[in-house]
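Asks: What follows is a structure written as structure tokens; I'll ask about it next.
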Amino acid sequence: MGNWIINHGLSAFILVVWMGINIFLFVYYYLFYDQGPQFEYTRELLGSALPWARAPAAVLNFNCMLILLPVCRNLLSLLRGSFICCGRTMRKQLDKNLTFHKLVAYMIALMTAVHTVAHLLNAEWYTNSFQGQYGPLAGNLSMLDDSSELKTTYLNPVRSNSTTPTLLVFTTIAGLTGVVITLALILMITSSMEVIRRSYYEVFWYTHHLFIIFFAGLVFHGAGRIVRSQQVTDPPHNTSFLLTDFIWLNPLLQTWMWVIGPMIIYLCERLLRFIRYMQPVSYRKIVIRPSKVLELQLVKPGFKMAVGQYVFLNCPAISQLEWHPFTMTSAPEEDFFSVHIRSVGDWTEDLIKMVENLPEGGQGPKMAVDGPFGTASEDVFDYEVSMLVGAGIGVTPFASILKSIWYKFKDSDPKLRTKRVNHAMVHFDKDTDIITGLKQKTSYGRPNWDKEFEQVRQENPSSVVGTFLCGPQALAKDLEKKCVKYSDVDPRKTKFYFNKENF
Amino acid sequence: MGKIEWAMWANEQSLAAGLIYATGGIVGVAGQFRGWQFAAFGIAAGVFVCLLEYPRSKRRKGTSVERTGQYCFTVCVKAFGPLTRNYYVRAFLHAALCVPGGFMLATVLGCVCLGIASLIYLSAAIHGEHWEPILPRTEQPKSVGNSIKEPPQNPPPRPPPELRRKKVDKLETAVYDNPMSVTINE
């Protein structure tokens, strides 16, 4: 149990806090609309469907605010840099940004469902009230109109006998924007299913831009101000009769206050990517490696990197809008940076084909570079003992680290804490390591992890061992379990911290 | 977007549409809305679409990922032959099923989603895609090769049983792991 706390404790805590805020918002706003005296008359028309619609609306405001933040990678990089003081556990949370983004998206989907169902009921009951099906009080309330002499505003958005719920929805701002943004949300979700994302990234990425419509509609969704309340009198009056001489209030348009901040931050993020896109990048060397791997050595003025960081590449000749992440395989001590690109999908295949058709020694297609962005590998040097596990193309970050260690060792860098580096590369090349060019014979095949961990534990008692993985999910699960299994809460014994990077 | 199989996205979209159609229908019927008959139709159509779309098609290229427990659905859908194989039929079917949903607010969202799914299926059909069932691979019986005509005459050379089994205390230097645990008393 203690081992689980070391490795997952902070994530679980953050999730609990997030869920707690959601529950609090839901219950608070439910009670606000269910019991608040200023909604007495609105409730007369709608019953409990009013709080059932408003409570998820509050949760939606909160989550729509949150959803843009985990995908602002430059912001996260900034936070990561400023957390250097706060310890690696905090920074590890930033690695899980995409998981959090998906979680928030699911919550938005769920709350949208509840909100929509409640409003379906509302639309129907507003219509029925107007047509007098719920008795004289409801009927009279429905007759209230926007009138400046009488100082009243309408309570029931249905204003005529011929209005049906469908017509109500499509002739009000709230209804129309509601339908449009729900549709956008559904399309975004169906195209981001794992199956589609892994196979046809373009469909996912282009459809996901519907979020622009989503946020635009969301901000104007309440502009019609149809949920109205009345001024509360003191002493409270008998609400079974309708008194006509008090002031009806229009609600405050709230959603924009929640989402404007993150929208601006995201806009800055996209602007930054565009600026980086305009900066010139030149090729130093292009090499096509076996097993359809392309190595690009690039030079960009003013570019600074740290070990194991990754960059996003954009090639306008292939696709204007797509940015794809690649780990850098060069060390910061070199005067260029390199990436190794494996042929996986449309974009990478097109790039390799384009490069194969280049004349000897020619410059490659125009390439834009965004980044560099930090990963868990930056922390490799913080641990006394590091275990680096790379599978397939996942060996790339560790190539960078090993090269950097070599340079640091060569230059006798006093800051090098790392005393020992164990690495296991799981790939199928035989002789010299193709990526680092080091003569260290890599042992290939699948290691027996229990053996490896046991061995490391024996050789390094009372050490904190950082385990770094870049590879497939299945391997990640396996290693994570082993880290938990072989860690000890006792500070005198070995502790394994698991870090993973995977796109 | 050259190599996309549109049917995959159409499948996800129509499954979602079926669920939304059915949910809208349930709300309409339960709330006894005006026009609840359309809602009742929505439930039936939504459930039908979900059942039809649950089994994923086999992909033309690459690995197909099955949905949990989809095999029995695959068998049912396969039984309809060309009606379910052809995506033009599916596009038309979805278009037809979605129309009654437009007459009532609760089912309008299901109607639009199913309509969009119908359009994506139309695109898939135009690109020549069709539905292919994912069936479990039957194990080929291992055919005996021609070279096994004469079995070996002598048994392979082996040390006597006492030396054969690995000692427990020599595990660390062992070249490989035992698949089963070794105890001294065995």
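The values are calculated or read from the model by the stated rules, or taken from the named source; none is laboratory data. Note that the structure is predicted; figures quoted are calculated from it, not measured. All Cβ positions, glycine included, derive from the backbone under ideal geometry; neighbour counts span all protein chains shown.
Asks: Considering (1) away from every other protein chain (no Cβ under 13 Å); (2) in a helix (DSSP H, G or I), say which one B:C113 fails and leave the rest.
Replies: (1)
Asks: Would you point out which residue out of A:V180, A:V158 is more than 21 Å from A:Q320 (Cβ to Cβ), within 12 Å of another protein chain (Cβ to nearest Cβ) and touching a residue at least 24 places away in the same chain (Cβ under 8 Å)?
Replies: On the way: A:V158 fails: within 12 Å of another protein chain (Cβ to nearest Cβ).
The match here is A:V180.
Asks: Hey, another quick one. Any residue at all in the stretch A:453-475 that is away from chain B (no Cβ under 14 Å), farther than 18 Å from A:F381 by Cβ, assigned to a loop (DSSP other than H, G, I, E, B) and at pLDDT below 55?
Replies: no
Asks: Taking the stretch A:25-50 as the region of interest, how many residues are modelled with pLDDT of 90 or more and crowded, with 18+ Cβ neighbours inside 10 Å?
Replies: Number of matching residues: 4.
Asks: While we're on this one: For the stretch B:17-41, give me the residue count where each residue is farther than 18 Å from A:L110 by Cα and part of a helix (DSSP H, G or I). Step through it out loud before you land on a result.
Replies: Going residue by residue through the stretch B:17-41, those that are farther than 18 Å from A:L110 by Cα are B:28-41.
Still in the running and part of a helix (DSSP H, G or I): B:28-30, B:36-41.
Qualifying residue count for the region: 9.
Asks: Could you pull out the residue among A:L45, A:L76 that is assigned to a helix (DSSP H, G or I) and either farther than 15 Å from A:R228 by Cα or among the basic types (K, R) (or both)?
Replies: After ruling out the rest, the residue left standing is A:L76.
Each row is one residue, and each column tells you yes or no for (1) surrounded by fewer than 17 Cβ atoms within 10 Å (Cβ to Cβ); (2) part of a loop (DSSP other than H, G, I, E, B).
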site	(1), (2)
A:V287	yes, no
A:L298	no, no
A:P316	yes, yes
A:Q320	yes, yes
A:F326	no, no
A:S330	no, yes
A:E334	yes, yes
A:V344	yes, yes
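Asks: Out of the residues in the stretch A:106-124 that are facing another protein chain (nearest Cβ under 10 Å) and in contact with a Pro (Cβ under 8 Å, 6 or more places away or on another chain), which is nearest to A:N22 (Cα to Cα)?
Replies: In this case the residue turns out to be A:A118.
Asks: Limited to the stretch B:18-38, what total is found for residues that are more than 8 Å from chain A (Cβ to nearest Cβ) and at negative phi?
Replies: Step one: of the stretch B:18-38, the residues more than 8 Å from chain A (Cβ to nearest Cβ) are B:18-19, B:21-22, B:25-26, B:29-30, B:32, B:35-38.
Then keep just the ones that are at negative phi; that gives B:18-19, B:21-22, B:25-26, B:29-30, B:36-38.
The qualifying residues number 11.
Asks: Here is a follow-up. A:T127 passes all but one of (1) surrounded by fewer than 16 Cβ atoms within 10 Å (Cβ to Cβ); (2) within 14 Å of chain B (Cβ to nearest Cβ); which number fails?
Replies: Among (1) surrounded by fewer than 16 Cβ atoms within 10 Å (Cβ to Cβ); (2) within 14 Å of chain B (Cβ to nearest Cβ), A:T127 violates only (1).
Asks: Go over the candidates B:T63, B:T84, B:T74 one by one and state the one that is within 18 Å of the chain's Cα centre (by Cα) and surrounded by fewer than 19 Cβ atoms within 10 Å (Cβ to Cβ).
Replies: Values: B:T84 fails: surrounded by fewer than 19 Cβ atoms within 10 Å (Cβ to Cβ); B:T74 fails: surrounded by fewer than 19 Cβ atoms within 10 Å (Cβ to Cβ).
Residue meeting the stated conditions: B:T63.
Asks: Which condition from (1) without any contact (Cβ under 8 Å) to a residue 60 or more places away in the chain; (2) in contact with a Pro (Cβ under 9 Å, 6 or more places away or on another chain); (3) farther than 16 Å from A:V281 by Cβ is the one that A:S404 breaks?
Replies: (1)
Asks: Go through (1) at the interface with another protein chain (Cβ under 9 Å from one of its Cβ atoms); (2) touching a Gly at 6+ places or on another chain (Cβ under 9 Å); (3) among the β-branched types (V, I, T) and name the single condition A:V195 misses.
Replies: All conditions pass for A:V195, except number (2).
Asks: Which pairs have Cβ atoms under 8 Å, sit 6 or more apart or on different chains, and link a residue in the stretch A:210-222 that is in contact (Cβ under 8 Å) with a residue 60 or more places away in the chain and within 16 Å of A:I264 (Cα to Cα) to one that is in a helix (DSSP H, G or I) and among the polar types (S, T, N, Q)?
Replies: A:L218/A:T177; A:L218/A:T255
Asks: From the set of residues in the stretch B:89-107 that are surrounded by fewer than 24 Cβ atoms within 10 Å (Cβ to Cβ) and not small (G, A, S), which is nearest to the other protein chains (Cβ to nearest Cβ)? Even if it seems obvious, please write down each step before you answer.
Replies: Residues of the stretch B:89-107 surrounded by fewer than 24 Cβ atoms within 10 Å (Cβ to Cβ): B:89, B:91-93, B:95-96, B:99-100, B:102-103.
Now drop any that are not not small (G, A, S), which leaves B:89, B:92-93, B:99-100, B:103.
Working: B:V89: 21, B:F92: 21, B:L93: 19, B:V99: 14, B:P100: 13, B:F103: 8 Å.
Across the stretch B:89-107, the extreme among qualifying residues is B:F103.
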